[in-house]
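J.: Take this structure first; my questions come after.
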Amino acid sequence: MTYTPTTDTEHRSDLDEPVQLLTPSGERRRDPRLDDWADDLDLDTLRGLYRDMTLARRVDTEGVALQRQGQLGLWAPAQGQEAIQVASARACRADDFLFPSYREHGVLLVRGAAPADLVLSWRGEVASTYDPADLNVAPPQIIIGAQTLHAVGYAMGIQRDGADQVAVAYFGDGATSQGDVNEAMVFAASFSSPVVFVCSNNHWAISEPVTVQATHPIAGRAPGFGIPSMRVDGNDAIACTAAMRWALDHARGGGGPVFLEAVTYRMGPHTTSDDPTRYRSSDEVDRWRARDPLTRLEALLRAEGAFDDAFRADVDADALSFTTQMRTAAIDAVSAPPLSVLDHVYAEPHSGLDEERRRFSAYLDGFAADEEGAR
Amino acid sequence: MTSVATGKASLTMGKALGAGLRRAMADDERVLVMGEDIGKLGGVFRITDGLLDEFGPSRVIDTPLAESGIVGTAVGLALRGFRPVVEIQFDGFVYPAFDQIVCQVAKLHYRTRGRVKMPITIRIPWAGGVGAAEHHSESPEAYFVHTAGLRVVAVSNPQDAYTMLRQAIASDDPVVFFEPKRLYHAKGDVDLDAHIADAAPMGLARVVREGTDVTLLTYGAQVGTAMDAATAAEDEGVSLEVIDLRSLSPVDYRTITASVRKTGRVVVTHEAAREAGVAAELIASVTEQCFHYLEAPPLRVTGHDIPYPPAKLEKHHLPDLDRILDAVDRVLERPNSFPEVTP
């Protein structure tokens, strides 16, 4: 399955319709490109998707609220991107290794991140939270696109170990302009490494529209590297699941890398420090609100009789429990002691850092001595 | 089977580095080497000559020509539990990898509070004096010394090249490993059987010539120039103590300050430019720690603060024996020294 680039010179990066299996109004569609990976999805699976996507949205709402209340230094809202984040992560095996960007809260949730893991780095208590080996997820990456190379290197390691895991690189439309992402595709293609590139095209890189990064659909670039690609509706959890299953099967089966462009939309600001009213219209945001990933999945589940008040109440209770724990973790966080800033710079002793520790420690001890003397 | 050499041998630094790599790969199957032209060709300096035949393409990886890609994929391999040894083809080609080295390789251990180790060795054929084209003679070490989380070493002889490369690969920390191109063909005795645990730790400096009048601090190929200067100075009755730093991060201040407290005078020389260079930090720290022992202001003999000049002019840039001796004269306030130029 290979994406065919358009030759229409008029076009812009939104010209081609992405593959869609669930319309914005919640109607199930068929598409021969993905049916084989979607037909066996049962209602329990879809309910699981809905549950995690709802949790992702509540976590996002809580993150923004905690920032506004001064409990977090920053938050990168992911509202609107729940389908691709949750669906792609749920399609992975537990031993696949994922390399998220800083906005992939939904990915972390699916992989089992604890409530505190979602807030302590945004609060500024720690540089990263969970143990990557526990979740098989790298620390969320802030340098745009840098993690794509890590994913490819990890995939090269999988090949050397003779394993059948897959590495997954998450990034956005802005990242596709970075050299690292292009180098990652070259390495992955040359070594036929088991990596899936998941580009969440949310249309905005802070204030720059995707058309600044790409005049043609981003998925169209991958075939030029020799990487099969697909452009999917990133707000359609069923298409995202199916596309990811296709991609993972391809990569796991020795077919080499795959590229997914998930066409979605960042409903909120880039971060809580951003003001999107300066660069985009509310009409545009409203158009995307009508394509919300959660409402369409709910509509399908209701039509199938798989969504009732009890389910809703259960999902809400789970989400409330999680976000309450997030809030508690943020508010109750105790900052590490001053000397700890010198910890873990190196794995082995370093005489320069040891000397710095001695100096800083003596300086800090001076305050203790002062307090002692004042008594 | 691999052909790990044993016993004592007279080897060029290039061969010693190759032997060190071969030994490290034989000792630990998670060690792999990657870079441009390092496979069939054996690297443009032939350091990896023969490794592809011995260890195969899964451990000797000819990469695409993308330095950020090489280091970035090494990060992923390290996450997977490998110990990648990266070859950057020339010093001036490391800059595209700068972000991966500074933001990722150097910080992942800190970022994860010790959960993720980055045992990556980044080998860089380094510095000038070989009549090379532009971007092939750079001394970028200060950028890396300035970056917390990296260890930085520079070798000056075949034995250190062999031993310290193996120590760097065995280290759980990332090491930027500078190899003076000018010395690739210089020979020296190498004990191939030495255990790396028995050798001097990578972070220690070495007094390569004892003296009493002036401490001369340097590293890399400049150690040889400093030794020549010491020999020449001796003819004039001046005794130089020459210290090969070996490690630029950390710096072995214990060895350095012991020497300075004895001599009271310091000259630092390196090829890299002066401004905010390694010598500046060395002198600041020595001054802090030995101020009352100093008999004269410490001096620097460095490359000029210029882009590396064309090959035919590099001799005017590289701090040679005469410029070092001039600084020695000045730090000793000897009458034959050039007058201090006042701005």
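J.: Could you run through the range A:78-100 and say how many residues are within 14 Å of chain B (Cβ to nearest Cβ) and either surrounded by fewer than 22 Cβ atoms within 10 Å (Cβ to Cβ) or part of a strand (DSSP E or B) (or both)? Please lay out each step first, then the result.
T.: If we filter the range A:78-100 for residues that are within 14 Å of chain B (Cβ to nearest Cβ), which is where we start, we get A:95-100.
Right, trim to either surrounded by fewer than 22 Cβ atoms within 10 Å (Cβ to Cβ) or part of a strand (DSSP E or B) (or both) and you get A:95, A:97-99.
Selection size over the range A:78-100: 4.
J.: Those residues that are surrounded by fewer than 15 Cβ atoms within 10 Å (Cβ to Cβ) and either aliphatic (A, V, I, L, M) or outside the structural domain of residue B:121 (by TED's automatic domain parsing) (or both), I need them from the range B:11-43; list them, please.
T.: Once the filter is applied, which keeps residues that are surrounded by fewer than 15 Cβ atoms within 10 Å (Cβ to Cβ) and either aliphatic (A, V, I, L, M) or outside the structural domain of residue B:121 (by TED's automatic domain parsing) (or both), the range B:11-43 yields only B:41.
J.: Grab the helices (runs of 4 or more DSSP H) fully contained in the range A:139-247, keeping just those with 2 or more residues being polar (S, T, N, Q) and out of contact with any strand residue (DSSP E or B) (no Cβ under 9 Å at 6 or more places or on another chain). Outline the logic, then answer.
T.: On the way: elements: A:146-160, A:179-190, A:210-213.
By residue number, A:179-190.
J.: Answer yes or no as to whether residue B:285 is under 24 Å from residue A:345 (Cα atoms), among the small types (Gly, Ala, Ser), in contact with a helix residue (DSSP H, G or I) (Cβ under 8 Å, 6 or more places away or on another chain) and within 13 Å of chain A (Cβ to nearest Cβ). So that I can check it myself, show each step before the final result.
T.: Values: under 24 Å from residue A:345 (Cα atoms): yes; among the small types (Gly, Ala, Ser): yes; in contact with a helix residue (DSSP H, G or I) (Cβ under 8 Å, 6 or more places away or on another chain): yes; within 13 Å of chain A (Cβ to nearest Cβ): yes.
Taking the combined requirement at face value, the residue satisfies it.
J.: In the range B:181-204, is there at least one residue being over 29 Å from residue B:8 (Cα atoms) and modelled with pLDDT of 95 or more?
T.: Residues of the range B:181-204 over 29 Å from residue B:8 (Cα atoms): none.
Checked the range B:181-204: no residue is over 29 Å from residue B:8 (Cα atoms) and modelled with pLDDT of 95 or more.
J.: Next question. Which pairs have Cβ atoms under 8 Å, sit 6 or more apart or on different chains, and link a residue in the range B:109-126 that is more than 7 Å from chain A (Cβ to nearest Cβ) to one that is assigned to a strand (DSSP E or B) and among the basic types (Lys, Arg)?
T.: Hits for this filter: B:119/B:83; B:120/B:83; B:121/B:83.
J.: Suppose the filter is surrounded by 15 or more Cβ atoms within 10 Å (Cβ to Cβ) and at pLDDT 95 or above; does residue A:30 pass it? Show your work before the answer.
T.: Values: surrounded by 15 or more Cβ atoms within 10 Å (Cβ to Cβ): no; at pLDDT 95 or above: yes.
When the stated conditions are applied, residue A:30 does not pass them.
J.: Which residue out of A:312, A:358 is exposed (fewer than 12 other Cβ atoms within 10 Å of the Cβ), modelled with pLDDT of 95 or more and of a type outside the set (Phe, Trp, Tyr)?
T.: When all the criteria are applied, what remains is A:358.
J.: Then there's this: Which one is surrounded by the fewest Cβ atoms within 10 Å (Cβ to Cβ), of the residues in the range A:48-77 that are under 13 Å from the mean Cα position of the chain (by Cα), more than 30 Å from residue B:77 (Cβ to Cβ) and of a type in the set (A, V, I, L, M, F, W, C)?
T.: Top of the filtered list is A:53.
J.: If residue B:75 passes every condition in (1) away from chain A (no Cβ under 14 Å); (2) farther than 30 Å from residue B:316 by Cα; (3) crowded, with 24+ Cβ neighbours inside 10 Å but one, which one does it miss?
T.: Result: residue B:75 fails condition (1) only.
J.: Can you find, within the range A:131-179, the residue that is surrounded by the most Cβ atoms within 10 Å (Cβ to Cβ) among those that are of a type in the set (Phe, Trp, Tyr) and more than 9 Å from chain B (Cβ to nearest Cβ)? Please lay out each step first, then the result.
T.: Of the residues in the range A:131-179, the ones of a type in the set (Phe, Trp, Tyr) are A:154, A:170-171.
Filter again for more than 9 Å from chain B (Cβ to nearest Cβ), leaving A:170-171.
Working: A:170: 30, A:171: 28.
For the range A:131-179, the residue satisfying everything is A:170.
J.: If you go through the range B:235-261 one residue at a time, how many are within 14 Å of another protein chain (Cβ to nearest Cβ), among the hydroxyl-bearing types (Ser, Thr, Tyr) and touching a residue at least 40 places away in the same chain (Cβ under 8 Å)?
T.: Of the residues in that region, 3 qualify.
J.: Can you name the residue in the range B:171-197 that is closer than 21 Å to residue B:143 by Cα and aliphatic (A, V, I, L, M) and is also farthest from the other protein chains (Cβ to nearest Cβ) among such residues?
T.: B:176
J.: Being surrounded by fewer than 20 Cβ atoms within 10 Å (Cβ to Cβ), of a type outside the set (Phe, Trp, Tyr) and within 14 Å of chain A (Cβ to nearest Cβ) narrows it down to one of B:168, B:200, so name that one. Before you say what the answer is, go through the steps one by one.
T.: Values: B:168 fails: surrounded by fewer than 20 Cβ atoms within 10 Å (Cβ to Cβ).
None of the other options fit; the residue is B:200.
J.: A further question on this structure: On the given criteria, is residue B:57 more than 20 Å from residue A:181 (Cβ to Cβ) and within 14 Å of chain A (Cβ to nearest Cβ)? Even if it seems obvious, please write down each step before you answer.
T.: Numbers: more than 20 Å from residue A:181 (Cβ to Cβ): yes; within 14 Å of chain A (Cβ to nearest Cβ): yes.
Yes; evaluated as a whole, the condition is true for this residue.
J.: Then there is this: Tell me, which strands (runs of 3 or more DSSP E) lie completely within the range B:23-105 with 3 or more residues that are closer than 20 Å to residue B:176 by Cβ? Lay out the reasoning, then the answer.
T.: Values: elements: B:31-35, B:60-62, B:83-87.
In the range B:23-105, B:31-35, B:83-87 are the strands (runs of 3 or more DSSP E) which contain 3 or more residues that are closer than 20 Å to residue B:176 by Cβ.
J.: Here's a follow-up. What residue, among those in the range B:133-165 that are under 18 Å from residue B:71 (Cβ atoms) and aliphatic (A, V, I, L, M), is farthest from the other protein chains (Cβ to nearest Cβ)? First the steps, then the outcome.
T.: As a first pass, look at the range B:133-165 and keep what is under 18 Å from residue B:71 (Cβ atoms): B:135, B:138, B:140-141, B:143-153, B:165.
In the following step, the residues that additionally are aliphatic (A, V, I, L, M) were identified as B:145, B:148, B:150, B:152-153, B:165.
On the way: B:145: 10, B:148: 5, B:150: 9, B:152: 11, B:153: 12, B:165: 17 Å.
This residue is B:165.
J.: How many residues does the range B:169-200 contain that are of a type outside the set (Val, Ile, Thr) and touching a Gly at 6+ places or on another chain (Cβ under 9 Å)? Steps first, please.
T.: Residues of the range B:169-200 of a type outside the set (Val, Ile, Thr): B:170-174, B:177-189, B:191-195, B:197-200.
So of that shortlist, the ones also touching a Gly at 6+ places or on another chain (Cβ under 9 Å) come out as B:173-174, B:178-186, B:191-193.
Total satisfying the criteria: 14.
J.: From B:284, B:273, which residue is over 18 Å from residue B:212 (Cα atoms) and loosely packed, with under 13 Cβ neighbours inside 10 Å?
T.: Among B:284, B:273, only B:284 is over 18 Å from residue B:212 (Cα atoms) and loosely packed, with under 13 Cβ neighbours inside 10 Å.
J.: I've got another one for you. Kindly list the number of the only condition in (1) surrounded by fewer than 22 Cβ atoms within 10 Å (Cβ to Cβ); (2) touching a Ser or Thr at 6+ places or on another chain (Cβ under 7 Å) that fails for residue B:95.
T.: (2)
J.: Let me spell it out: the conditions are (1) within 14 Å of another protein chain (Cβ to nearest Cβ); (2) charged (D, E, K, R); (3) free of Cβ contacts under 8 Å to residues at least 12 places away in the same chain, and residue A:365 meets all of them except one. Which number is the exception?
T.: Condition (1) is where residue A:365 drops out.
J.: How many residues are surrounded by 12 or more Cβ atoms within 10 Å (Cβ to Cβ), among the small types (Gly, Ala, Ser) and part of a helix (DSSP H, G or I) if we restrict to the range A:333-355?
T.: Within the range A:333-355, residues that are surrounded by 12 or more Cβ atoms within 10 Å (Cβ to Cβ), among the small types (Gly, Ala, Ser) and part of a helix (DSSP H, G or I) number 2.
J.: Based on what the data block shows, is residue A:112 in the same structural domain as residue A:234 (by TED's automatic domain parsing) and part of a helix (DSSP H, G or I)?
T.: Values: in the same structural domain as residue A:234 (by TED's automatic domain parsing): yes; part of a helix (DSSP H, G or I): no.
Judged against the criteria, residue A:112 is not a match.
J.: Evaluate the range A:116-128: report whether one residue or more is farther than 20 Å from residue A:245 by Cβ and touching a strand residue (DSSP E or B) at 6+ places or on another chain (Cβ under 9 Å).
T.: Taking the range A:116-128 first, the residues farther than 20 Å from residue A:245 by Cβ are A:116-128.
Restricting the remaining residues to those that are touching a strand residue (DSSP E or B) at 6+ places or on another chain (Cβ under 9 Å) gives none.
No, the range A:116-128 contains no residue that is farther than 20 Å from residue A:245 by Cβ and touching a strand residue (DSSP E or B) at 6+ places or on another chain (Cβ under 9 Å).
J.: Which ones in the range A:254-289 are of a type in the set (Phe, Trp, Tyr), touching a Ser or Thr at 6+ places or on another chain (Cβ under 9 Å) and not in a helix (DSSP H, G or I)?
T.: Restricting attention to the range A:254-289, the residues satisfying the condition of being of a type in the set (Phe, Trp, Tyr) are A:259, A:265, A:279, A:288.
Then drop every residue that is not touching a Ser or Thr at 6+ places or on another chain (Cβ under 9 Å), which leaves A:259, A:279, A:288.
Passing the criteria: A:259, A:279.
J.: Here is a further query. Inside the range A:180-202, can you point out the residues that are of a type in the set (Asp, Glu) and either away from chain B (no Cβ under 14 Å) or closer than 16 Å to residue A:258 by Cα (or both)?
T.: As a first pass, look at the range A:180-202 and keep what is of a type in the set (Asp, Glu): A:180, A:183.
The one that is of a type in the set (Asp, Glu) and either away from chain B (no Cβ under 14 Å) or closer than 16 Å to residue A:258 by Cα (or both): A:183.
J.: If a residue must be among the hydrophobic types (A, V, I, L, M, F, W, C), outside any helix (DSSP H, G or I) and closer than 25 Å to residue B:141 by Cα, how many such residues does the range B:215-238 contain? Don't jump to the end; show me each part of the working.
T.: Narrowing the range B:215-238 to residues among the hydrophobic types (A, V, I, L, M, F, W, C): B:216-217, B:221, B:223, B:226-227, B:229-230, B:232-233, B:238.
From the residues that got through so far, the ones that are outside any helix (DSSP H, G or I) too are B:216-217, B:221, B:238.
The next check asks that each one be closer than 25 Å to residue B:141 by Cα; those that pass are B:216-217, B:221.
Selection size over the range B:215-238: 3.
J.: Now a separate question. Taking residue A:307, is it in contact (Cβ under 8 Å) with a residue 12 or more places away in the chain, within 30 Å of residue A:24 (Cα to Cα), surrounded by 13 or more Cβ atoms within 10 Å (Cβ to Cβ) and among the aromatic types (Phe, Trp, Tyr)? Let's see the steps before the verdict.
T.: On the way: in contact (Cβ under 8 Å) with a residue 12 or more places away in the chain: yes; within 30 Å of residue A:24 (Cα to Cα): yes; surrounded by 13 or more Cβ atoms within 10 Å (Cβ to Cβ): yes; among the aromatic types (Phe, Trp, Tyr): yes.
Yes; evaluated as a whole, the condition is true for this residue.
J.: Is it fair to say residue A:119 is surrounded by 22 or more Cβ atoms within 10 Å (Cβ to Cβ), closer than 18 Å to residue A:271 by Cα and of a type in the set (Val, Ile, Thr)?
T.: Numbers: surrounded by 22 or more Cβ atoms within 10 Å (Cβ to Cβ): yes; closer than 18 Å to residue A:271 by Cα: yes; of a type in the set (Val, Ile, Thr): yes.
So residue A:119 fits the description; yes.
The values are calculated or read from the model by the stated rules, or taken from the named source; none is laboratory data. Quantities reported herein were computed from a predicted structural model and do not represent experimental measurements. Note: ideal-geometry Cβ built from the backbone for every residue, glycine included; neighbour counts use all protein chains shown.
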